[in-house]
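Asks: Encoded as structure tokens, here's the structure I'll be asking about.
Only the coordinates and a few stated rules stand behind these numbers; no lab work does. In this text the structure is predicted, and so the values were computed from the model without any measurement. Note that we place each Cβ from the backbone using ideal geometry, even for glycine, and neighbour counts take in every protein chain shown.
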2 protein chains.
Amino acid sequence: MLLNTVSTDHLDASDIKANCASCNLRELCLPVGLNEDEIEMLGEVVSRKRRIQRGEYLYHAGSDFQSLFAVRNGFFKTCLLHEDGRQQVVGLHMRGELLGLSAISAEAYTCDAVALEDSEVCEIPFVKLEEITRIIPTLMHHFYKIMSCEIVKDHDVMLSLGSMKADERLAAFLLNLSQRFSRLGYSSLNFNLRMTREEIGSYLGLKLETVSRAFSKLQEEKILTVDNKYIQISDIKRLKSKIGISLCV
Amino acid sequence: MLLNTVSTDHLDASDIKANCASCNLRELCLPVGLNEDEIEMLGEVVSRKRRIQRGEYLYHAGSDFQSLFAVRNGFFKTCLLHEDGRQQVVGLHMRGELLGLSAISAEAYTCDAVALEDSEVCEIPFVKLEEITRIIPTLMHHFYKIMSCEIVKDHDVMLSLGSMKADERLAAFLLNLSQRFSRLGYSSLNFNLRMTREEIGSYLGLKLETVSRAFSKLQEEKILTVDNKYIQISDIKRLKSKIGISLCV
DNA sequence: CGGCTGGTTGATGTTACTCAACTCGCGTGG
DNA sequence: CCACGCGAGTTGAGTAACATCAACCAGCCG
């Protein structure tokens, strides 16, 4: 198991006032579509930046829900923990994405959020966000969209878990990552995985050995090159065809 | 395949003006927590009731998103369709639940919604709903909760698909149904399934034969009695222990 | 150096899928 | 009326896919 320290809730040296106006995620995160004044207002609500180290928990399942978090930098997983210690990864979250949406319904976090690398988040007290969504219709609309989008993403995962074979799931997973990296301006063909084989497996409903074998299989088929966590996609067309066509067997 | 007729979009004899104030789902559906005036406003927005026959589509994946739908009576499945014709059921929806939330992000429905029995829905034009959520903070808050709840439900399904065995998945599924029936005031121990073994299988990531075998197994273990679609749970404690404990093998 | 974590690969076991036969209930048409 | 086909469900036998168990390697850190 990971040797995690629980993230403390007090302000420390790593806490910095956030500023949406000057943030380079303006086009991806909550501020999408807002004018300068509105972004200023949103900036007032977004209370502060917080640094979270690799392996550290941003929040724990069951703890009191106060805030959403926007990933400003880094990579997180969210996971449900069984009584027996095994975990199901239910989400992977990168720059510009919101964490904690599932907590709104229960007024407590419903899963654990763990940093997969040293990360930075902006804390967004939900009560305040709710207030200003009333004042800024664009923001409310966008927030509805973000939540809806989360549901769509979950459906995609359900599709993958429910009706794909191991290598198809991995292909779908890699294509999804590829697309998200590309949206952030990174290469869509070469990237570093932030998570272990076990975490990928947990996300895809597979054991780590199966994930490893699926990687080897895709490599044998010359679709990609794997060097530990570094992935180079060499034939994205065939990678895509894994999802669409191999289902038609 | 089902011989479905596509639901038409024009008003016909089966369309009746909806009325939230007098609806017996007030405590479950959108009106939760609203006062009389607010419910009146909401009633103005909820445009009309629509009857959907068994097998009929409420909406199709890809078609223009205009409205959410509240299930007033009956039972729906939502599903994603593969190119090869196979489908993944991503949701099952009963009285008091909202349909179409995943469409908000894309401005088009992302899945098909099909009635599993003769049903009634209230149509809620989303633009109008959005307007009044600005005016009625309680409604906005509740709508956020509903969307968040949808995400939580999806996570539960992902947990089931990703890390449970066939009979555990079925147990989790039945317990979920049981709970939802009970919330609606129906028996939590005897109920009729509205869906076929194939649809259950699609929802749980299993083949219909496997679902059938899982039912037989639970019956052999004297946990429940199966008579075609009619289920009687005779030992709910052991049914529950299927999910918690058999994971610890 | 030795121990640890993360990853790969092989041999074997288990689960669920596939294919097939059969039943039951229902509706249709000769 | 019964024969028939059809869809839904159950059950059995054989098989494919994934899990499990185990050995091994590489990199990292104390």
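Asks: Label-to-label distances across copies for B:S22, with labels 7 Å out along Cα→Cβ, in nm, shortest first?
Replies: Ordered by distance, the counterparts are at 6.1 nm.
Asks: For the pair B:R48 and B:N24, how long in nm is the line joining their label points, each one 7 Å along Cα→Cβ?
Replies: So the two model labels end up 2.5 nm from each other.
Asks: Work out the mean other chain Cβ neighbour count within 10 Å for the residues of A:202-208 and drop it here as an integer.
Replies: Counting other chains' Cβ atoms within 10 Å and averaging over A:202-208 gives 2.
Asks: Provide the descending list of Cα extents for the range A:118-249 along its principal axes, expressed in whole angstroms.
Replies: Its Cα atoms span 55, 35, 26 Å along the three principal axes.
Asks: What residue among B:C79, B:C149, B:C29 has the largest mean-square fluctuation in a Gaussian network model of chain B, using Cα springs under 10 Å?
Replies: B:C149
Asks: List every DSSP H helix in chain B whose Cα atoms extend 24 Å or more along the helix's own long axis and whose mean Kyte-Doolittle hydropathy is at least -1.0.
Replies: The answer, listed by residue number, is B:137-163, B:166-183.
Asks: Another question about this same structure. Along the Cα→Cβ direction, 7 angstrom out, place labels at B:E40 and A:L189. What is the inter-label distance in nm?
Replies: Modelled inter-label distance: 6.5 nm.
Asks: Report the rotationally averaged projected area of the protein assembly as shown based on its alpha-carbon convex hull, in square nanometres.
Replies: Over all viewing directions, the protein assembly as shown projects a mean Cα-hull area of 24.0 nm².
Asks: Further, regarding this structure: Using a label point 7 Å beyond Cα on the Cα-Cβ vector, give me the inter-copy distances for A:D37 in nanometres, one decimal, shortest first.
Replies: Its label point is 2.7 nm from the equivalent points in the other copies.
Asks: Do the sum for the protein assembly as shown: with -39,500 (n - 2.57) for every DSSP H run of n ≥ 4, divided by all residues, what is the mean residue ellipticity at 222 nm, to the nearest 500 deg cm²/dmol?
Replies: -12500 deg cm²/dmol
Asks: Which cross-chain or sequence-distant (5 or more) residues have an amide H under 5 Å from the amide H of B:G74, H modelled 1.01 Å from N in plane?
Replies: The answer is B:R95, B:E120.
Asks: When the expected Rg is taken as 2.2 N^0.38 Å, what fraction or multiple of it is the alpha-carbon Rg of chain A?
Replies: On the way: Rg = 18.8 Å, N = 249, 2.2 N^0.38 = 17.9 Å.
Here the answer is 1.05, to two decimals.
Asks: Quick one: what do you get for the range A:36-149 if you divide its Cα Rg by 2.2 N^0.38 Å?
Replies: Normalised Rg, Cα atoms only: 1.07.
Asks: Further question on the same structure: Check which residues have an amide H placed less than 5 Å from B:T110's amide H, if you skip close sequence neighbours.
Replies: Hits under the 5 Å cutoff: B:G62, B:A103.
Asks: What are the nm distances, shortest first, from B:Q66 to its equivalents in the other copies, labels at 7 Å along Cα→Cβ?
Replies: 4.6
Asks: Further question on the same structure: Mind checking the mean number of beta-carbon atoms from other chains within 10 Å of the Cβ atoms in A:138-149?
Replies: The mean count of partner-chain Cβ atoms within 10 Å per residue comes to 5.
Asks: While we're on this one: If you add up the charges near B:I136, with Lys and Arg at +1 and Asp and Glu at -1, over every other residue whose beta carbon is less than 15 angstrom from its beta carbon, what do you get?
Replies: Cβ neighbours under 15 Å give a net charge of -4.
Asks: Also: Lysines near B:K229 by alpha-carbon distance under 24 Å, same-chain residues fewer than 8 away left out - which ones?
Replies: Of all the lysines, those that pass the test against B:K229 - Cα under 24 Å, at least 8 places apart if same chain - are B:K77, B:K153, B:K165, B:K207, B:K217, B:K237, B:K240, B:K242.
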